[in-house]
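*Asks:* Below: one structure in structure tokens.
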Amino acid sequence: MIKNTSRFILLIFFLLGALAYAQEKKKFSSIPNILKGMIPNGKIDFWVLVYNTYAKDQEISIAGSKQDYTPQFSGFDLFPDEDSFYYIAYSSGGKMNYVTDLNGLKSFIGTVDNIQEAAIAATIEGYIVDEEFKDVAGNYYEDGSNYYLDLGKLTSQECPYQKKHYTLTINKSTGAITNVKDNGAYIELYNKKCANNPRLMKIEKKEEPKDEPKKPAKRK
């Protein structure tokens, strides 16, 4: 009886440990590594992921026998950046094709096959892997049924500039986002011109100094 109880307790601790390990959050290493994890949909003979910054191309990842392709002058980005973008050149059925926007990227990856593609699919829906704030907006864990991603989202470019973070549940079988938990804002930036700047509003609420009553003029 004692042996069976001991075994049962050990089993409980083992299962709890396994569950804790399975749900340990891991940080996304970088945007390029997320994109390298893509598994293209359909039969692709060759594909290359290109990063363009300041009008210079850099090949990030190549799969298959390299073929000639035409450099592109526009593309997509998983984190908005005015000076850079990504594009994909790929060969299928003897024809060279290009992915230069998020809709094309969605077709290129097809079904969600791994955590990297889950992050890409979420980005296409407006979420971001915020490399500066991975603790709240750039990490994930998974179990047998779902991926769970903590991602950011730019919710206001006006005053105040704001980012919020969310926990997304993405079903492994369907690739669909089945639940979104709003975790609140993690960045709020005000500038002096913001009409709703709390600091300015406090200053305005302060009582203005009253003018001293004028003394009557002395008679000569």
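*Asks:* Please compute the modelled spin-label separation between Phe79 and Lys106, points set 7 Å along Cα→Cβ, answer in nm with one decimal.
*Replies:* According to this spin-label approximation, the distance is 2.3 nm.
*Asks:* Of the listed pairs Lys164/Lys192; Lys36/Lys172; Lys153/Lys193; Lys27/Lys192; Lys56/Lys193, which have alpha-carbon separations greater than 26 Å here?
*Replies:* Details: Lys164/Lys192 22 Å; Lys36/Lys172 19 Å; Lys153/Lys193 24 Å; Lys27/Lys192 35 Å; Lys56/Lys193 37 Å.
Listed pairs above 26 Å: Lys27/Lys192; Lys56/Lys193.
*Asks:* If each residue of separation counts as 0.36 nm, what is the full-extension length gain between Glu24 and Ser156 once their alpha-carbon separation is subtracted? The partial results should precede the final answer.
*Replies:* Numbers: separation 132, 0.36 × 132 = 47.52 nm, distance 3.10 nm.
Taking Glu24 through Ser156 to full extension adds about 44.4 nm, to one decimal.
*Asks:* Can you work out the Karplus-derived ³J(HN,Hα) for every residue in segment 134-144? Use 6.51 cos²θ - 1.76 cosθ + 1.60 with θ = phi - 60°, whole Hz, and x for glycine or proline.
*Replies:* Calculated HN-Hα couplings, in order: 5, 4, 10, 9, x, 9, 7, 8, 8, 10, x Hz.
*Asks:* Run the simple label-point estimate for Glu132 and Ser92 please: 7 Å along Cα→C-beta, distance reported in nm.
*Replies:* Label-label distance for Glu132 and Ser92, simple model: 3.6 nm.
Bear in mind that the values in this text are calculations on the coordinates, not laboratory data. This one's a predicted model, so the numbers in the text were calculated from it and none came from an experiment. Neighbour counts are summed over all protein chains in view; Cβ atoms, including those assigned to glycine, are modelled from backbone coordinates with ideal geometry.
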